[in-house]
Amino acid sequence: MTDAETTPGAPLARVLCNTESLISDDSTPAGALWRLAESGRQLDANLIRIPPRGRIDTHTEPDLDVLLLVVAGDGTLGPAADPQALAPGTLVWLPHGSERSLVAGTSGLSYVTVHRRRPGMQIRTRSST
């Protein structure tokens, strides 16, 4: 037994969802189908669905590296100058500062993203100069 199994009050590993069941219905809406919401977490994770031929326009994440795992469908990762094919099982590293876009194929595209949790917003007093 490990310390986590024997220490009272220690966090326990658990199954959070079944991505296949969340995306199996053709009428599943686009957008975030699931989000990691457990308190005390150090990570954020989302299950995202883009409808057939839908897209997420070119953007840059300045602060966080992101892992993206394709779980269903197909598509293309941009930038347009160097498109990369996406299929189930494709694991992508999106380093912070990198430009990226996503275009879903004819069956749509569903993927999980994981990244460090952003700190909550804080209200600070303005320093006087």
- Query: Gain in length, residue 67 to residue 53, computed as 0.36 nm per residue apart minus the alpha-carbon separation, to one decimal in nm?
  - Reply: 2.8 nm
- Heavy-atom accessible surface of segment 11-62: percent carbon and sulfur, 1.4 Å: 51 percent
- Full-stretch length increase - residue 14, residue 60 - with 0.36 nm per residue and alpha-carbon distance subtracted: 13.3 nm
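The values are calculated or read from the model by the stated rules, or taken from the named source; none is laboratory data. Note that this is a predicted model, so its numbers are computed, not measured. In case anyone asks, the SASA skips ligands and DNA or RNA and just uses the protein heavy atoms, side chains included. Shrake-Rupley method; radii C 1.70, N 1.55, O 1.52, S 1.80 Å.
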